[in-house]
Each structure stands twice: as structure tokens, then as C-alpha cells.
1. Quick one: Asp108 ticks every box in (1) farther than 21 Å from Gly87 by Cα; (2) crowded, with 17+ Cβ neighbours inside 10 Å; (3) acidic (Asp, Glu) bar one, so which box is it?
2. Please determine, by comparing only the residues of segment 163-191 that are of a type in the set (A, V, I, L, M) and over 22 Å from Pro74 (Cβ atoms), which one is least open to solvent (accessible area, probe 1.4 Å).
3. Residue pairs, Cβ under 7 Å, 6 or more apart or interchain, first in segment 216-244 and free of Cβ contacts under 8 Å to residues at least 24 places away in the same chain, second open to solvent by 70 Å² or more (accessible area, probe 1.4 Å) and small (Gly, Ala, Ser). List them.
4. Going through segment 55-89 one residue at a time, which ones are loosely packed, with under 14 Cβ neighbours inside 10 Å and either within 25 Å of Pro165 (Cβ to Cβ) or of a type in the set (A, V, I, L, M, F, W, C) (or both)?
5. (1) more than 24 Å from Pro165 (Cα to Cα); (2) without any contact (Cβ under 8 Å) to a residue 12 or more places away in the chain; (3) not charged (D, E, K, R): which one isn't true of Ser97, the others all being true?
6. Could you say which residue among Arg170, Arg158 is under 13 Å from Phe71 (Cα atoms) and among the charged types (D, E, K, R)?
7. Farther than 22 Å from Ile186 by Cβ, modelled with pLDDT under 95, open to solvent by less than 90 Å² (accessible area, probe 1.4 Å) and not in a helix (DSSP H, G or I), is that true of Ile36?
8. Identify all residues within segment 111-157 that are open to solvent by 50 Å² or more (accessible area, probe 1.4 Å), assigned to a loop (DSSP other than H, G, I, E, B) and under 23 Å from Ser60 (Cα atoms); write none if there are none.
Amino acid sequence: MFNIIDLTNDYIKTNFASLITFFTPFKQNVMDQEIIMMPRIGDQAPDFKAMTTQGMMQFSEHIKGSWTILFSHPADFTPVCTTEMTGFAQLEDEFTSMNTKLVGLSIDSIHSHIAWVHNVKEKMGILMKFPIIADIDMKVSKLYGMLQPGESETAAVRAVFFIDPKGKIRLIMYYPLNVGRNMDEIIRALQALQTADKHKVALPLNWRPGEKAIVPPPKTVGEMEERLKSDYEMIDFYLAKKSL
């Protein structure tokens, strides 16, 4: 009687060496690849220890209890990066007033960072007081998915991570090497995150401070009926706005 199991076993025994030869390179290639999961919204911000322009930093300790914006730039002494980093420096007091720390990063040495900080202060009168991570070994860039080979294998893309006081990643932005960030949107996004947390609301398209917020939709018929009696701005029972 024809037995498919016996036939399969005979084939494996006969061709065992060939099968091992076929699968070994595949296995080796998989093992040789460095697989790193990029952080996602809702994840705890990966911790690390690194040298910065303000000295050695344990990231989790540095950011504890405050909001943090961790951002990368492709390289020191480059035109677009200089406009961005000076933009962050000029707004540092505003970020501080919002209980937010700034932390920069690029795949450059600490000596390059210090020379660039000095150059910008000398030529433009702007001092980058926030720490800039020297990530010459690309450790932090890889940890945060800032190094994207399709764009560059040696320069970090323009990534922005918004991290809350509990160390959780709340918003992520990525820009390519040739397009600078929008500082107004970075400030607006931070204001929106803090406002949504404080008032337990959602925020509509193009929301700005002082504008109405969206009330979470009702979860029961009773809540829906109460909402219809409220002073909310009612577009419909599921979409209502209120002043904060």
C-alpha cells in the first residue's frame, strides 16, 4: 500500500546532507542580521548611557519627572541641521516653561559637537545649552530607529520623540535628511499632548490652545441622553466640543 509518510522519511534520509546544506546559509544569514524593534507610541522609552555635551548621561535619570523631546540630526556643521538646532536653542526657555527637556543627538564625536556648539555661538550668538549626545558608535541611533539604511547608513534621520513624565513615548515624527522640521508643529503637538492629558479630552484637526476640545463619546444610552442636555457644542451625539 502507498504510504506517504514512509516515502517522505526515505526522501529525508537519502537527501539529509543536501537539506542541511540548503538550509544552513539561510539560517546563518538570519543569525547575522541585527534585528532591532523600533520604539512605538505607548512603549517605554529605551534607556541608555551616553556621553553628551553636558557630560555623561543616564537617559532615564535625566528625563525623570519631566516631558522630554529627544531629537536627532544627520551631522554637525551642516546647513539644515544648524537651522534646526538653533531653532530648538532659541525656544529652550519656552520648552522649560512647559516642563520639557530637550536632548539632541547625531552620529558625531563629542569633540565635533563641542566645536559646533562653539562655532554656532561665535557666528550666530546662539548657545545650545541642551545636551547633545555623541553617538559615534550608533548605539542610540539604532536603539531608537534613527538610522534608516534606505535614507543613509551613516547619518541619523531627523527623528523626534515626545516622551511623557512617566517615560512613555507619546508621539513620534520622522523627517528625511533634506527637509527641516517645523518648530511650530513641535510646540503645538507638545501643547496638545499636555492638554489632552490634563483635561482627559481629544483634540480636533489643527487644534490650538484656547480652542474647544472634543469630549469622549458616550458609552451608554444614559450618557448619550445626558449629553443631549449639556451645554456642549453638539455636532452630533458622538461629536461634541467644549471649552477648557
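The values are calculated or read from the model by the stated rules, or taken from the named source; none is laboratory data. Predicted, not measured: the structure shown is a model, and the values here were computed from it. As a convention, Cβ positions derive from the backbone with ideal geometry for all residues, glycine included, and neighbour counts pool all protein chains shown. With ligands, DNA and RNA removed, areas are computed over all heavy atoms of the protein, side chains included. Shrake-Rupley method; radii C 1.70, N 1.55, O 1.52, S 1.80 Å.
1. So Asp108 meets the others, but not (1).
2. Only one residue fits best here, namely Leu190.
3. none
4. Scanning segment 55-89 gives Gly55, Met56, Gln58, Glu61, Lys64, Gly65, Phe77.
5. Failed condition: (1).
6. Arg158
7. yes
8. Lys129, Ile136, Asp137
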